[in-house]
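Comments concern the structure below.
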Amino acid sequence: MNKKASENSPSDLVSEDLRCVWHPYTQMLTAPPPIPVERAEGVYLYKADGKRILDGISSWWVNIHGHNHPRLNKALAEQASKFSHVMFGGFTHRPAVQLAAELIDRSPSNLARVFFSDNGSTAIEIALKMSFHYWRNRGEPERDLFLALEHAYHGDTFGAMSVGGVKAFHSNYDRLLFEVRRAHTPYCFSCPVGQVRNRCKIECAQQLEQILEEEGTRLAAVILEPMVQGAGGMIVWPPEFLLRVREATRRHSIPLIADEIFTGFGRTGKMFACEHGPIEPDILCLSKALTGGYLPLAATITSDEIYRTFLSPQRDRTFFHGHSYTGNALACAVALESLALFDDENRLRRVGELECLFRERLQRLRGLPEVGDVRGIGALAVVELVPEKKAGYLDERGPRLAESFLARGLLLRPLGNVLYFLPPYVITDEQAHWAFDVIEEVIGGTGTES
């Protein structure tokens, strides 16, 4: 490899990149080459030629305070001047301890213990292993079954894929996945039980309740993405469904795992989406926006009841799980400053303002011929196009639309026929209106290339 790659022209950089780097979702020969980014500021990414792109998906849902934030930069530099990392097995440090305390203080009141890892999939793997091992420590090893929802996405490692329900991502690995029972999700635009939202009684929850009746003595846990199922189609739930699930799992004493890797840290208008119920899960999984889009970090937070089953002089009761970068000091320091920004710059109030703006602009899109549904919550706006032959992630309009938006300076990555706008919370009203103008132009018919 050219050791002076950093000095190359943008075209040389792309050439080196294509030779050496395997990018996610870009293996199709028709996929456009990756775009070199020279710097980023606020809601914008800047290319080598100086042209800017508005980051309409928060760089895959992680960047909430904007790029190159001075306070996050400072927190990172200050911690780096002390030490960057120390193993978390048998050692500890102030940034991780303070972050754990902050997360517990902001989480549902029953949660008391934080297990750090380094990304969303690992947070889910930990939750699955923890709940499975919890029952073994209680003397019920027969509980080896998980219950998940249709359209679920929980990550790309094998446990996370097992509980996931998006065939486009996981079907190639079916032989390697463990057994999971699956229940309806409250997909109001395409109701699985044929009801209409404004007069339904959340009948879609009945299937889950029935599975709990049938498998209650075998289930280890129920896992869900509260209020919004992200990669499965940005499906926004009625909060009543969340309450029904929590009530049913409590009746059967089954742990409930809340995957808030996407929804956590204000995206739905609450610090955590569980607050919309409100419900208290037994295990809460966090990542993505935890560090404001700066560094990989994840947390699996659980109750004292679950934690105490692992406390024993017997080593086989130990939770033997760890990562080299568990509790990374740089990531923890930045995450602490990210949480401080929620208070000092009143992020949740801004999300509420964006929700009103998004709702108004979505209504203008509802009547367009290609639009089947519009929906949203917090700083998330969703437009579901009328399905074609391959509805869902494999709908071929997704890549075409993405290219059309990029040509106009807007970064969006539709999930097939589901288009979503999910910017950093610091986006201004003017910038948000510009993005919606571009969306309206493209899906209104003047911007979609065939």
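The values are calculated or read from the model by the stated rules, or taken from the named source; none is laboratory data. Only a predicted model underlies this, so the values are computations on that prediction, with no experimental measurement involved. Cβ placement follows ideal geometry from the backbone for every residue including glycine, while neighbour counts extend to all protein chains displayed.
Could you list, in sequence order, all residues of region 247-279 that are crowded, with 21+ Cβ neighbours inside 10 Å, within 16 Å of E215 (Cβ to Cβ) and of a type outside the set (A, V, I, L, M, F, W, C)? Matches in region 247-279: T249, P255.
Taken as a whole, the structure leaves A435 outside the set of residues that are in contact with a Phe, Trp or Tyr (Cβ under 9 Å, 6 or more places away or on another chain), crowded, with 21+ Cβ neighbours inside 10 Å, of a type outside the set (D, E, K, R) and more than 30 Å from D49 (Cα to Cα).
Listed here are the residues, each with its yes/no results for (1) touching a strand residue (DSSP E or B) at 6+ places or on another chain (Cβ under 9 Å); (2) basic (K, R); (3) at pLDDT 95 or above.
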residue: G367; (1), (2), (3): no, no, no
residue: G378; (1), (2), (3): yes, no, yes
residue: R408; (1), (2), (3): no, yes, yes
residue: G416; (1), (2), (3): yes, no, no
residue: F421; (1), (2), (3): yes, no, yes
residue: V426; (1), (2), (3): yes, no, yes
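Given the conditions (1) part of a helix (DSSP H, G or I); (2) closer than 21 Å to K74 by Cβ; (3) not polar (S, T, N, Q), report the number of the one that L295 does not fulfil. Tallying (1) part of a helix (DSSP H, G or I); (2) closer than 21 Å to K74 by Cβ; (3) not polar (S, T, N, Q), L295 fails exactly one: (1).
Residues that are touching a helix residue (DSSP H, G or I) at 6+ places or on another chain (Cβ under 9 Å) and either crowded, with 22+ Cβ neighbours inside 10 Å or without any contact (Cβ under 8 Å) to a residue 60 or more places away in the chain (or both) do occur in region 79-90.
Restricting D282, D259, D316, D304 to residues that are over 18 Å from G66 (Cα atoms) and touching a His at 6+ places or on another chain (Cβ under 7 Å) narrows the list to D259.
State all residues of region 305-348 that are surrounded by 15 or more Cβ atoms within 10 Å (Cβ to Cβ) and hydroxyl-bearing (S, T, Y); if no residue qualifies, say none. Within region 305-348, Y307, T309, Y325, T326, S338 qualify. The single condition from (1) part of a helix (DSSP H, G or I); (2) of a type in the set (A, V, I, L, M); (3) crowded, with 23+ Cβ neighbours inside 10 Å that I427 fails is (1). Residues that are crowded, with 17+ Cβ neighbours inside 10 Å and not aliphatic (A, V, I, L, M) were ranked within region 351-369; the one that is farthest from A435 (Cα to Cα) is E355.
Just one residue in the set G159, G139, G155 is crowded, with 21+ Cβ neighbours inside 10 Å, farther than 16 Å from T326 by Cα and without any contact (Cβ under 8 Å) to a residue 40 or more places away in the chain; that residue is G159. Of everything in region 370-420, what is under 18 Å from H433 (Cα atoms) and among the charged types (D, E, K, R)? Give them in sequence order. Correct list: R375, R408. Can you work out which of the residues in region 123-146 that are part of a helix (DSSP H, G or I) and in contact with a strand residue (DSSP E or B) (Cβ under 6 Å, 6 or more places away or on another chain) is farthest from G216 (Cα to Cα)? Restricting to residues being part of a helix (DSSP H, G or I) and in contact with a strand residue (DSSP E or B) (Cβ under 6 Å, 6 or more places away or on another chain), the top hit is A123.
The residue that is nearest to E280 (Cα to Cα), among those in region 110-124 that are among the aliphatic types (A, V, I, L, M) and crowded, with 19+ Cβ neighbours inside 10 Å, is L111. Can you find a residue that is in contact with a Ser or Thr (Cβ under 6 Å, 6 or more places away or on another chain) and closer than 21 Å to L145 by Cβ anywhere in region 185-201? No, the conditions are met nowhere in region 185-201. Only a single criterion out of (1) touching a helix residue (DSSP H, G or I) at 6+ places or on another chain (Cβ under 9 Å); (2) in contact (Cβ under 8 Å) with a residue 40 or more places away in the chain; (3) crowded, with 17+ Cβ neighbours inside 10 Å is not satisfied by R181, namely (2). Of the residues making up region 282-307, those that are touching a helix residue (DSSP H, G or I) at 6+ places or on another chain (Cβ under 7 Å) and either modelled with pLDDT under 95 or over 24 Å from Y425 (Cβ atoms) (or both) are D282, I283, T300, T302, I306. Does R375 satisfy being outside any loop (DSSP other than H, G, I, E, B) and more than 18 Å from the chain's Cα centre (by Cα)? No: the conditions fail for R375. Being in a helix (DSSP H, G or I), at pLDDT 95 or above, over 30 Å from N137 (Cα atoms) and not hydroxyl-bearing (S, T, Y), is that true of even one residue in region 316-329? Among the residues of region 316-329, at least one is in a helix (DSSP H, G or I), at pLDDT 95 or above, over 30 Å from N137 (Cα atoms) and not hydroxyl-bearing (S, T, Y), which makes the answer yes. Being surrounded by 15 or more Cβ atoms within 10 Å (Cβ to Cβ) and hydroxyl-bearing (S, T, Y), is that true of even one residue in region 384-402? Checked region 384-402: at least one residue is surrounded by 15 or more Cβ atoms within 10 Å (Cβ to Cβ) and hydroxyl-bearing (S, T, Y).
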